[in-house]
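Below is one structure, written out as structure tokens; the observations come after it.
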Amino acid sequence: MKFISIWILGASLLGFGAPGLRAQNSPAAGPAALADLLNEAEKNNPQLQAARHAWQSAKQVPTQLSTLPDPQVMLQQMNVGSPRPFAGYTNSDFAYLGIGVSQDLPYPGKLRLKGEIAQKEADATQQKYESLRRTLRADLKMAYFQSAYLVKRQNILDEDAQLLQQIEEAADSRYRNGFGNQQEVLQAQLERTKLLREINRNQLEQGKVQAALKNLLNRSQTSTDIETSSLSESAPAYSFEQLLAQAKTGNPDLAGMQKMVERQGLQVDLAKKDFYPDFNVQGMWQRTDPSQFRAYYQFTVGMRIPIYRTRRQRPELAQAESDRDRAKSELDAQSQQTAFQLRQQFISAEKSAELLKIYREGLIPQARATLQSGMAAYQSNRQDFQALLASFLDVLKLDEEYWQTLSEHETSLAQMEEITGVSLR
């Protein structure tokens, strides 16, 4: 019959006749520990390495900006009566050979402020590196948990395919014995085809997640797929107030913005220093014919006077003050956003834990008991096929929802760990 050929095709595509496909997605190395993958990502991820190099580069700037400008060495020669070198050197005290040194001296405090500003920028760069490191870890955890969920969902679909086969066999037996009809058998086969569709979608999502994991780990996309450990529920022992306090002191985004507020405050102080003059000192030794004339010694102090205050220094100060106020507002906004994100994830983790208990202790056992009872009743002609099929779909749906909720629960913990820096496992 036509429905028998469809059943054989469905069974082969569901995996019962495709060992090659399963072997390709089942590496023999065993499950990879999440902690090992996190260490590998921190070591090999190129974006994190680039951020680390940027931080190391920024650390070299403060000493450069807080050091005096390099001195300038000068060599002078003045001729008398002719452009020929040393003309008049022996018979005129106007001709001479001179050697001097010049040094710029910024107004006291300017160099120190420039060095401190650069140090604040280096500290902010360090916090950006830490923020990226935490984001990388959180992304890896979320991809790991998603992969573990998809593996579990694949197992559920395989198990339910076997259960649906039993239902189909019962429908076929009733049909052959004259108690049922062909429509029940065809509908069971339709559900198997739908199950095949879900398996295909699950494998597609698993492929995408595997690609994301390899990208985060900087592994080749042709490398062996990463096998994950089974999902398990974590129960953090921290209140929201404790986590929020930790976020305020340990969140790298907030710390980086605080460094920028401090930097802009120093920039205001530096702008005020620009209202004062910078200096330049020079020393010169001049020499003519040593047998007839004595050497000359010259010392000069120069001053750069800021006379265009209304066009340069005052706008510079106003700009620095505006940048300082902007940095403070951005810090306040980020503090509010951090608290908001933390609250969202805390509620999500809290409520998902309650949902898991409801699934575990109520919905799933009740659905399975209903299915078992319905199966027996259907085989003894005391229940129709639609009620039995509805019971099966309930079991399938609730199993998938339980593991998806568990994945979302662990994902919320990962995001809270990113925000606070606290290990919640």
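Accessible area of the stretch 93-197 with a 1.4 Å probe: how many percent of it is carbon plus sulfur?
Details: 2300 of 4690 Å².
Looking at the stretch 93-197 in its full context, I get 49 percent from C and S.
Write down the percent of antiparallel bridges among all DSSP beta bridges whose residues are both part of the chain, to the nearest 5. Around 95 percent antiparallel, to the nearest 5.
GNM on the chain, alpha-carbon springs under 10 angstrom: the most fluctuating residue among Gln56, Gln146, Gln415 is Gln56.
Annotation: amide H of Arg287 within the under-5 Å range of Leu97, Gly98, Tyr296, sequence separation 5 or more or interchain, hydrogens built in the peptide plane.
Is the C-alpha gyration tensor of the stretch 296-345 telling us rounded, prolate or oblate? Criteria: a/c under 1.5 is rounded; beyond that, a/b larger than b/c is prolate, otherwise oblate. Judged from the Cα gyration tensor, the stretch 296-345 comes out oblate (a/c at least 1.5, b/c at or above a/b). Scalar couplings 3J(HN,Hα) for the stretch 145-152, obtained by applying the Karplus form with A = 6.51, B = -1.76, C = 1.60 to θ = phi - 60°, are 5, 5, 5, 4, 5, 5, 5, 5 Hz; x denotes Gly and Pro. The distance separating the Cα centre of the stretch 52-81 from that of the stretch 83-119 comes to 14 Å. Once you reduce the stretch 265-317 and the stretch 186-248 to the center of their Cα atoms, the two points are 66 Å from each other.
Given Cβ point charges of +1 (Lys, Arg) and -1 (Asp, Glu) and nothing else, what value in debye, to the nearest 20, does the dipole of the chain about its Cα centre take?
1500 debye
When the chain is treated as a GNM with alpha-carbon contacts under 10 Å, the residue of Ser380, Ser232, Ser92 showing the greatest mean-square fluctuation is Ser92. From the Cα gyration tensor of the chain, with a ≥ b ≥ c the square roots of its eigenvalues, which class applies: rounded if a/c is under 1.5, or else prolate if a/b is larger than b/c, or else oblate? Because a/c hits 1.5 or more and a/b exceeds b/c, the chain counts as prolate.
To the nearest ten degrees, helix 252-273 and the longest principal axis of the Cα atoms of the chain are 20 degrees apart.
Relative contact order for the chain: what percent, with Cα pairs under 8 Å and sequence separation of 6 or more?
23 percent
For the set Glu401, Glu410, the ranking by accessible area, highest first and with no ligand, DNA or RNA atoms included, is Glu401, Glu410 under a 1.4 Å probe. With each label modelled as a point 7 angstrom along the Cα→C-beta vector, the Lys43-Gln64 pair spans 3.2 nm. Here the accessible area is traced with a 1.4 Å probe on the protein chains. For the stretch 263-318, carbon and sulfur cover 52 percent of it.
If you sort Lys114, Lys397, Lys273 by accessible surface, 1.4 Å probe, largest first, the order is Lys397, Lys114, Lys273.
Measuring only protein heavy atoms, the 1.4 Å probe finds Glu408 accessible over about 90 Å². How far is helix 2-11 tilted, in degrees, relative to the longest principal axis of the Cα atoms in the chain, given as a value from 0 to 90 rounded to the nearest 10? Once rounded, one gets 40 degrees. Computed from backbone phi with θ = phi - 60° and the Karplus coefficients 6.51, -1.76 and 1.60, the 3J(HN,Hα) list for the stretch 100-116 is x, 10, 10, 9, 7, 10, x, 4, x, x, 5, 5, 4, 5, 4, x, 5 Hz; x is used for glycine and proline. A 1.4 Å probe run over the protein chains yields, for the chain, 56 Å² of accessible area per residue, whole-number rounding. Could you give the distance between the Cα centres of the stretch 331-360 and the stretch 378-417, to the whole Å? A separation of 24 Å, based on Cα centres.
Which shape class applies to the stretch 189-240: rounded if a/c is under 1.5, otherwise prolate when a/b exceeds b/c and oblate if not, where a ≥ b ≥ c are the square roots of the Cα gyration tensor eigenvalues?
Cα axes put the stretch 189-240 in the oblate bin.
Within the listed set Gly374, Gly81, Gly109, the Gaussian network model of the chain (springs between alpha-carbon atoms below 10 Å) gives the highest mean-square fluctuation for Gly81.
If you wrap a convex hull around the alpha carbons of the stretch 75-138, what volume per residue comes out, as a whole number of Å³? Numbers along the way, then the final one.
Values: hull volume 9.0 nm³, N = 64.
Roughly 140 Å³ of hull volume per residue.
Helix 46-58 and the longest principal axis of the Cα set of the chain meet at an angle near 20°.
The values are calculated or read from the model by the stated rules, or taken from the named source; none is laboratory data. Only a predicted model underlies this, so the values are computations on that prediction, with no experimental measurement involved. Every residue, glycine as well, gets a Cβ built from its backbone with ideal geometry; the counts of neighbours run over all protein chains shown. The accessibility values were calculated without ligands, DNA or RNA, using every heavy atom of the protein model including side chains. Shrake-Rupley method; radii C 1.70, N 1.55, O 1.52, S 1.80 Å.
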